[in-house]
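Engineer: My structure is below; once you've seen it, I'll send some questions.
The values are calculated or read from the model by the stated rules, or taken from the named source; none is laboratory data. As the structure is a computational prediction, the values presented were derived from the model and not from experiment. Every residue, glycine as well, gets a Cβ built from its backbone with ideal geometry; the counts of neighbours run over all protein chains shown. Only protein heavy atoms, including side chains, enter the accessible area calculation; ligands, DNA and RNA are left aside. Shrake-Rupley method; radii C 1.70, N 1.55, O 1.52, S 1.80 Å.
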Amino acid sequence: MDRIDFRSDTVSWPTPEMREAMANAVVGDDVYGEDPTVNELEALAAEKTGMEAALFVASGTMGNLLGILSHAGRGDAAIVGKDAHTYRYEAGGMAVLGGIMPTVLPTDEFGRMDLERVETAVSPQDPHFPITRLILVENSYGSKHGYPLPPSYFSDMKTIADRHGLALHMDGARLFNAAVAQGIDARQITQHVDSVSICLSKGLCAPVGSVLCGSKELIAKAHRNRKLVGGGMRQAGILAAAGLISLTTMVDRLHEDHEHAHMLAQGLAQIPGVVIDPQNVKTNLVFFHISEAVDITAVEIGDQMREKANIWAGDTGQKSFRAVTHYWIGEDEVQLYLDTLRHILERTIL
Ligand SMILES: *Cc1c(COP(=O)(O)O)cnc(C)c1O
């Protein structure tokens, strides 16, 4: 039996249609700009995000890094949330490779930075301070319930950015989840930012790849920076072929993942020993924990879930879990997750 993997949407395999398209992709040398499939993907990603141009890159981390390096440089500062992916989970790339200093701000329970604090975090014109050049935002917000933030938040942020001459970059690894959850077009969100990096490999199921989208000028800089970090790929059309299917057919089904996540959250709330507020689940990420009173660790539960049902549950700490729905998780898998966890906790509590 195949493993049932709830740890992330990054574990999603390419669909049969993607494998077929990859096998038959027309390719060229993308470092020369001659791969027609990559060019088609970049044009489509630019259109879907309402940007002038786009660049296919190896990962979301690379998309963010190239975006950041193209907006700011050595001695500059970027304002960023303390639990943003770009700050916490990208190996410190902006500092290590760009010499860019993060100015870190707290975020609320949905991942928003306080607008007044953003404004006061912009450094004054004074040689004591690094020069603030950039604000980094994220949507959906991965570490806060995968919460889909509304366009109004970004439009307010853009007003501040404009007032101080700053660029606004969005980590849109799950941009389309955020748009679908709000029933809006992704462009209603991205119209307020200067650049956005989207992942094709998560809920959209492509095996590899992200796209950085922005102005022609920004993408020209990012193109150079991609070469600099060794990210120039040759017959990358094999990968882009899957990405085209991501953008043309997989966005419209993301609501199914959200429904499955909602179903999982509702079910979890009924299990004695589980602590969760299903209201917070708006996209495909489900965060929950096990009550302190229950004498079992998340790792022990994870081991038992694997042994009993080949479910990879997504334990993330002493008592905490993050379960993620995606293309390969259906209603049956959600039900099996709930039944298996209920069984384990019932035996522990009794
Ligand atoms: C997954 C993810 C990324 C990029 O991840 P890669 O593994 O480098 O593709 C960036 N930001 C967020 C919020 C993510 O969830």
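Engineer: Can we say SER152 is open to solvent by 10 Å² or more (accessible area, probe 1.4 Å), modelled with pLDDT of 95 or more and over 26 Å from GLY99 (Cβ atoms)? Break it down into steps so the answer makes sense when it comes.
Structural biologist: Values: open to solvent by 10 Å² or more (accessible area, probe 1.4 Å): yes; modelled with pLDDT of 95 or more: yes; over 26 Å from GLY99 (Cβ atoms): yes.
Taking the combined requirement at face value, the residue satisfies it.
Engineer: Here is a list: LEU105, LEU97, LEU41, LEU66. Which entry is open to solvent by less than 20 Å² (accessible area, probe 1.4 Å), of a type in the set (A, V, I, L, M), assigned by TED's automatic domain parsing to the domain that holds ILE184 and within 15 Å of the ligand (Cβ to nearest atom)?
Structural biologist: When all the criteria are applied, what remains is LEU66.
Engineer: List the number of the failed condition for ALA46; all other conditions in (1) in contact with a strand residue (DSSP E or B) (Cβ under 9 Å, 6 or more places away or on another chain); (2) surrounded by fewer than 23 Cβ atoms within 10 Å (Cβ to Cβ); (3) in a loop (DSSP other than H, G, I, E, B) hold.
Structural biologist: ALA46 satisfies all of (1) in contact with a strand residue (DSSP E or B) (Cβ under 9 Å, 6 or more places away or on another chain); (2) surrounded by fewer than 23 Cβ atoms within 10 Å (Cβ to Cβ); (3) in a loop (DSSP other than H, G, I, E, B) except (3).
Engineer: In the range 1-29, which residues are in a loop (DSSP other than H, G, I, E, B), aliphatic (A, V, I, L, M) and surrounded by 18 or more Cβ atoms within 10 Å (Cβ to Cβ)?
Structural biologist: Applying the first criterion (in a loop (DSSP other than H, G, I, E, B)) to the range 1-29 yields 1-3, 6-15, 24-29.
Now drop any that are not aliphatic (A, V, I, L, M), which leaves 1, 11, 25-27.
The answer is ALA25, VAL27.
Engineer: Kindly provide the set of residues from the range 84-108 that are under 22 Å from HIS145 (Cα atoms) and in contact with a strand residue (DSSP E or B) (Cβ under 8 Å, 6 or more places away or on another chain), ordered by number.
Structural biologist: Within the range 84-108, ALA84, HIS85, THR86, TYR87, VAL104, LEU105, PRO106, THR107 qualify.
Engineer: Report, ordered by the first and then the second residue, all pairs with beta carbons closer than 7 Å, sequence separation of six or more or different chains, a first member in the range 184-198 that is in the same structural domain as VAL211 (by TED's automatic domain parsing) and away from the ligand (no atom under 16 Å from the Cβ), and a second member that is basic (Lys, Arg) and not in a loop (DSSP other than H, G, I, E, B).
Structural biologist: Close Cβ pairs satisfying both conditions: HIS192/LYS158.
Engineer: Of all the residues that make up the range 229-246, how many are in contact (Cβ under 8 Å) with a residue 12 or more places away in the chain and either outside the structural domain of THR15 (by TED's automatic domain parsing) or open to solvent by 20 Å² or more (accessible area, probe 1.4 Å) (or both)?
Structural biologist: The qualifying residues number 8.
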